[in-house]
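Presented below is the structure to which this report refers.
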Amino acid sequence: MTGGVHEIHDHAGVSAALADPALVPERPAGEGTVGASVGWLRATVARFASGEAHLRRRALVAAELARVEPAALLRAAAAEQGAGETRVRVVRVLARALGMPDPEAVAEDVVAVAASYFGGEDQAADEAVGRLVDRLAPEAADEADLEAVANRVGLLVQACEATAALVEAAAGGDVPLARVLGDTPPVRTMRRVAARATRVAGREIAEGDVVLLDLATANRAHPVPLTFGGPPRVCPGRAHALALAHGLTRRPMTAFARLHHLQAPLLLPNAWDHASAAALAARGFAAVGTTSLGVAAAAGLPDGSGATAEETLALARRLGRGSFLFTVDVEGGFSDDPQEVAELARRLGEAGAAGINIEDGRPDGTLAPVASHAAKIAAVKAAVPELFVNARTDTHWLGRQRAETATRLAVYEQAGADGVFVPGLVDRDGIAALTSLLVTPLNVLYVPTGPSVAELAALGVRRISLGSLLYRTALGAAVDAATAVRDGRRPAGPGVPSYAEVRRLGR
């Protein structure tokens, strides 16, 4: 029997409740007819399960989504020409992308199911469940088959409700989706029941008590949105939901931005001059970044001191003559004035840059105020909307205020950042926690002693930068070669390009 009811409104309390394994989704009453009722569907999907059943069903949904790259879904949504209300369009695009037969009929039935999926009974909805099961798994024979198809249907129903709400809230404007999610979360309240006694947000919660989590109020008081839940119940379809929303609202996405929404993360090598950038592009890297250390050191200037604005702009102009995508490291923007930073961004965009990387670390080793850095981001996006802004926080790099990382990144997202970067973050649990909270792609710095590229991809990282690694490696190799000749040894030369090959890079 259900006991007391607890309402939690504050961000910290809601986050703690979402992470507490004692608080589980309320199991729906009655299972209904197997394979042909909403009651059976609710009892068989990941959303209303806990423990081992939840993990197994969640894996079914994740495997289904893994068949579709978010970038491909975004393109399909942007090309969607069919009529109908938003919920029908969302499901139709997703069903088509997943290769389901007759996406139009699937969408109509899913909308009918959604009317009673979150509570209530309806004969028409039960009949729609039966048709969906027959259509999506006509030869389902055993319990495992039925569980798999139930979770496919559940995936569509949740997209029908939550993703459609996001699309409608974001339609007709250019407000960053991160801010839309904070201001108008598609899921406003979550309901949990205590499987055993626990303590959350200073409250003693008895077994059987109901806990209502007010996400809308929690989001208004804190920049980190909770719409997609928190560990261990992070929505596996968050990237797909955002891709659908971007596509159906016809929000433009550049070729460079799309590289951050593929199944594999963007591995971004960092160059320091035209030759290094051209050589990397020639080896098939989809895009190239610049390294502020390499640019500064080549000019005989200290990195991170704001002294290389002209060298950075000159390099961008040289790179702009090439046919490859590139993004520019601008340190902190070379100014504390947002409008001056925006003007630099405009000039970089004119030179051909696809993006910039802008950091909140300052030359004296402190961090810029959050509001100050957010103002720079907003000014750049207002001046050059198509420029991909990768907002970097140095909380880990400088070893300062690490607890602020998620909050800083959320503020930068809401200011319009297209991606966020946390160099120095190598802890696997820390990376996973951030990817579960962020709306925009997470960028980390590759460290040879840290997680591999495959591990970072599995953790949800969407961009992996090499930073100054290549410049330092090249510098070391040059000194080693010169030292070897001086000492009467043959310099190690595997992979050294010929004179003719390097000369061709200047064309």
- [ ] Give the residues of region 277-307 that are of a type in the set (Ser, Thr, Tyr) and touching a Leu at 6+ places or on another chain (Cβ under 7 Å), sorted by residue number.
- [x] THR290
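Here's the yes/no breakdown for (1) closer than 15 Å to LEU313 by Cβ; (2) over 23 Å from the mean Cα position of the chain (by Cα); (3) not in a helix (DSSP H, G or I):
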{"residue": "ASP336", "(1), (2), (3)": "no, yes, yes"}
{"residue": "SER372", "(1), (2), (3)": "no, yes, no"}
{"residue": "ALA378", "(1), (2), (3)": "no, no, no"}
{"residue": "LYS381", "(1), (2), (3)": "no, no, no"}
{"residue": "PRO385", "(1), (2), (3)": "no, no, yes"}
{"residue": "ALA391", "(1), (2), (3)": "no, no, yes"}
Open item on the list: Looking only at residues that are farther than 27 Å from ARG504 by Cβ and open to solvent by less than 50 Å² (accessible area, probe 1.4 Å) in region 273-304, which one is farthest from the chain's Cα centre (by Cα)?
Closed with: ALA296
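In region 52-83, which residue that is among the small types (Gly, Ala, Ser) and open to solvent by less than 50 Å² (accessible area, probe 1.4 Å) is nearest to the chain's Cα centre (by Cα)?
Residues of region 52-83 among the small types (Gly, Ala, Ser): 53, 59, 62-63, 66, 71-72, 76-79, 82-83.
Retained after the next criterion (residues that are open to solvent by less than 50 Å² (accessible area, probe 1.4 Å)): 53, 62, 71-72, 76-78, 82.
Working: ALA53: 27, ALA62: 15, ALA71: 12, ALA72: 15, ALA76: 19, ALA77: 18, ALA78: 19, GLY82: 28 Å.
That would be ALA71.
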- [ ] Identify, by number, the condition in (1) open to solvent by 40 Å² or more (accessible area, probe 1.4 Å); (2) of a type outside the set (Gly, Ala, Ser); (3) assigned to a helix (DSSP H, G or I) that ARG489 doesn't meet.
- [x] (3)
- [ ] List the number of the failed condition for GLY450; all other conditions in (1) part of a loop (DSSP other than H, G, I, E, B); (2) surrounded by 21 or more Cβ atoms within 10 Å (Cβ to Cβ) hold.
- [x] (2)
Open item on the list: Looking for something touching a strand residue (DSSP E or B) at 6+ places or on another chain (Cβ under 9 Å), farther than 16 Å from GLY154 by Cβ, at pLDDT below 90 and part of a helix (DSSP H, G or I) - is there at least one such residue anywhere in region 42-57?
Closed with: yes
- [ ] Check off (1) charged (D, E, K, R); (2) under 22 Å from GLY237 (Cα atoms); (3) in contact (Cβ under 8 Å) with a residue 40 or more places away in the chain for GLU127 and give me the number that stays unchecked.
- [x] (2)
Task: Top-ranked residue of region 206-216 - restricted to ones that are surrounded by fewer than 18 Cβ atoms within 10 Å (Cβ to Cβ) and either among the β-branched types (Val, Ile, Thr) or in a loop (DSSP other than H, G, I, E, B) (or both), ranked as nearest to the chain's Cα centre (by Cα) - done: VAL210
Open item on the list: What's the number of the only condition in (1) under 20 Å from the mean Cα position of the chain (by Cα); (2) under 27 Å from GLY154 (Cβ atoms); (3) surrounded by fewer than 19 Cβ atoms within 10 Å (Cβ to Cβ); (4) not acidic (Asp, Glu) that ASN219 fails to meet?
Closed with: (3)
Task: GLU413, sole failed condition from (1) open to solvent by less than 40 Å² (accessible area, probe 1.4 Å); (2) not in a helix (DSSP H, G or I) - done: (2)
Open item on the list: Go through (1) surrounded by fewer than 21 Cβ atoms within 10 Å (Cβ to Cβ); (2) at positive phi; (3) over 13 Å from the mean Cα position of the chain (by Cα) for GLY460 and report which single condition fails.
Closed with: (3)
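Tell me which residues, restricted to region 471-507, are under 30 Å from LEU434 (Cβ atoms) and either touching a helix residue (DSSP H, G or I) at 6+ places or on another chain (Cβ under 7 Å) or β-branched (Val, Ile, Thr) (or both).
Applying the first criterion (under 30 Å from LEU434 (Cβ atoms)) to region 471-507 yields 471-473.
Selection gives TYR471, THR473.
The values are calculated or read from the model by the stated rules, or taken from the named source; none is laboratory data. Because the structure is predicted, anything quoted here is derived from the model rather than measured. Here Cβ is always computed from backbone atoms with ideal geometry, including for glycine, and neighbour counts include all displayed protein chains. Quick note on the areas: whole protein, heavy atoms, side chains included, nothing else; ligands and nucleic acids left out. Shrake-Rupley method; radii C 1.70, N 1.55, O 1.52, S 1.80 Å.
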